[in-house]
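The values are calculated or read from the model by the stated rules, or taken from the named source; none is laboratory data. For clarity, every value in this text was computed on a predicted model and none was experimentally measured. Cβ sites come from the backbone with ideal geometry, for glycine too, and all protein chains shown count toward neighbours. Ligands, DNA and RNA are stripped out before the accessible areas are found, and what is left, the full protein with its side chains, is counted by its heavy atoms. Shrake-Rupley method; radii C 1.70, N 1.55, O 1.52, S 1.80 Å.
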Amino acid sequence: MKTSLLTALLLSGGLLLASAANASPELAKKYNCFACHGMDKKVVGPAFKDIGSKYKGQNMQAKLEEKVKKGGAGSFGPIPMSPNPQVPDADIKLLVKWVLAQ
């Protein structure tokens with residue numbers, strides 16, 4: 001009984017993590033991130049894969065969450081990133097985690 005309960009809890013946790021990872025492209029669509037960013041090519045801003053590559057292995061989660069929320073410039077050139085105060089912090093956290101995994 002304990003084993004099956006533990007297995008069920010582990011599986012449900014894994015499904016929640018997978019669900020969050022899969023939700024991130026949907027969140028990017030929902031908040032119009034693709035208007036400025038492509039998956040693997042620059043649009044107005046850098047490609048998500050370029051962002052992930054640039055910051056691979058660095059602890060950038062909090063800094064990038066702040067940049068998404070408040071906007072910023074300079075990391076990928078002179079074109080500024082617009083602030084996104086309308087995006088809930090929980091969704092920003094998921095989006096940044098997803099981008100950093102690219």
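When the residues of the range 38-53 are narrowed to those that are part of a helix (DSSP H, G or I) and not polar (S, T, N, Q), which ends up farthest from the chain's Cα centre (by Cα)? Of everything passing the filter in the range 38-53, Asp50 is farthest from the chain's Cα centre (by Cα).
Candidates Ala35, Ala90, Ala28: the one that is over 12 Å from the mean Cα position of the chain (by Cα), aliphatic (A, V, I, L, M), open to solvent by less than 90 Å² (accessible area, probe 1.4 Å) and on the phi < 0 side of the Ramachandran plot is Ala35.
Just one of (1) of a type in the set (D, E, K, R); (2) part of a loop (DSSP other than H, G, I, E, B); (3) touching a Lys or Arg at 6+ places or on another chain (Cβ under 8 Å) fails for Lys56. It is (3).
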